[in-house]
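Inspection log for the structure reproduced underneath, given as structure tokens.
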């Protein structure tokens, strides 16, 4: 005779959860012989998986197929997928826009530097012109 493995049994707690019955009712069924069980070390009850499965078999035939989710769940899942697609698209656009912003910032910095150089050249030219104008007409004429 082979020894039964531990996973071939359910605990009393597991059976109450599976059958959705109080512990006292399950114990009454065990004592009445309606549910096969063994007592372990005189205290813990073990219910053979085979016995529980046989008990559930009549109920299993009533379920023809897995229940379908309600239409609202299906709609919400579709909405979620669409929103996830939108989110990915917007994240991509944001990354593009940030890259363009960085490029524009770099261009603005370059243009500011060019502007400063032109302003400096303009000031120098203006200063030279002011100096030349401050010299008299005859001084400019003799040089030229």
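Annotations
- Counting 0.36 nm for each residue step from residue 31 to residue 72 and taking away their Cα separation leaves a gain of 10.1 nm.
- Applying the Kirkwood pairwise sum to the alpha-carbon positions of the range 71-137 produces a hydrodynamic radius of 17.1 angstrom.
- 222 nm mean residue ellipticity, helices alone, for the chain (DSSP H n ≥ 4; -39,500 (n - 2.57); rounded to 500): -24000 deg cm²/dmol
- For Kirkwood radius over Cα pairs in Å, the value computed from the atomic coordinates appears in the list [x] 18.8; [y] 20.2; [z] 25.2 under label [z].
- Separation in nanometres of the label points that stand 7 Å from Cα toward Cβ, at residue 18 and residue 91: 4.3 nm
Any read-out appearing in this document is the output of simple, stated calculations on the displayed coordinates, not a laboratory observation. Just so it is clear, the structure is predicted and the values come from calculations on it, not from any experiment. Reconstructed Cβ throughout: ideal geometry from the backbone, glycine too, with neighbour counts over all protein chains shown.
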